[in-house]
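Undergrad: Here it is, the structure, as structure tokens.
Rule-based calculations on the coordinates, nothing more; no lab input. The model shown is predicted, which means the values in this text are computed figures rather than measured ones. Virtual Cβ from ideal backbone geometry, glycine too; neighbours counted across all protein chains shown.
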Amino acid sequence: MRLLFALFALGIFFAASPARASEDPFDYLPLVPMEKVYEGLGGKIRIAESIRPLAGPATAPRNLEVVRKIAYLNFPPKTIVSTFSYDPSTGDFVKLTSTSAFSKTIFHYHPPLVRARLPFRKGESWDGEDGQNTIHDRVWGKVRITLPAGTFVCWVVRRKLTYDLISRRSTQYLYEYYAKGIGFVGEGGWSATGKWHWSKRLLSFKMGSGLTG
């Protein structure tokens, strides 16, 4: 009921049609050069993101490099570089590596962390581990949302994060939004007070082969 209430409160309307069997797997997660700008937490965070496909054989998994420059309030900006891969044989879009915002350490995910399974299908789910934290993702359905960057029909993935803390385990639910032709456009959830908030929402985007090398 919480999610349904928040969707209507944000002016979101349900799309009736399920995923078509013929849907291009890259419709909602295009693997092309792109630049995006996000804000989050009521404008406290600003993220500039550059996406660059990496060269490789046409028959091999398709790889991406994603560079995020994160500015939080008055703190110096941090840069995080991550690599991702799409395996057409499984449909899995996975995270391979990531740098740290606080050191020169490069983290390698073994096994790779599944971030999406393409094409999106309602009810499909997958699991992963990020360090000591466990993740369960489930495709919730389609909605229409309005963000500063425009109005989009999105697939929604509900993400259940279970944090393994020193003294207790804590669980958080987030909802990720993927728009056709653009990919990830936003992420939201509920605060401790029960109020919906955007942890990330798309402000603007550019795409094309001339954006990156």
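Undergrad: For region 127-199 and region 68-113, what is the centre-to-centre distance using only Cα atoms, to the nearest Å?
TA: For region 127-199 versus region 68-113, the Cα centre distance is 17 Å.
Undergrad: Let me ask something else. I need the calculated FRET efficiency for the pair Ser103 and Val32, taking r as the beta carbon distance and R₀ as 35 Å, to the nearest 0.05.
TA: The value I calculate is 0.65.
Undergrad: OK, next. With the Cα gyration tensor of region 41-148 giving a ≥ b ≥ c as the square roots of its eigenvalues, does the rule (a/c under 1.5 for rounded; else a/b larger than b/c for prolate; else oblate) give rounded, prolate or oblate?
TA: Values: a/c = 1.60, a/b = 1.22, b/c = 1.31.
In terms of gyration-tensor shape, oblate.
Undergrad: Multiplying the sequence separation of Thr134 and Leu41 by 0.36 nm and subtracting their Cα-Cα distance, what value in nm do you get?
TA: Computed gain between Thr134 and Leu41 is 31.1 nm.
Undergrad: Another question, then. At each listed q (0.14, 0.16 Å⁻¹), what is the log10 of I(q)/I(0) that the Debye formula gives for region 2-205 modelled as equal alpha-carbon point scatterers?
TA: Taken in order of the listed q values, log10 I(q)/I(0) reads -0.91, -1.24.
Undergrad: What distance in nm separates the simple spin-label points at Thr162 and Thr79, each placed 7 Å from Cα in the Cβ direction?
TA: For the pair Thr162/Thr79, the computed spacing is 3.8 nm.
Undergrad: Please give the charge dipole size of region 2-205, origin at the Cα centre, charges +1 on K and R Cβ atoms and -1 on D and E Cβ atoms. Round to the nearest 20 debye.
TA: 580 debye
Undergrad: Aspartates and glutamates near Lys195 by alpha-carbon distance under 19 Å, same-chain residues fewer than 8 away left out - which ones?
TA: Reachable aspartates and glutamates: Glu39, Glu176, Glu187.
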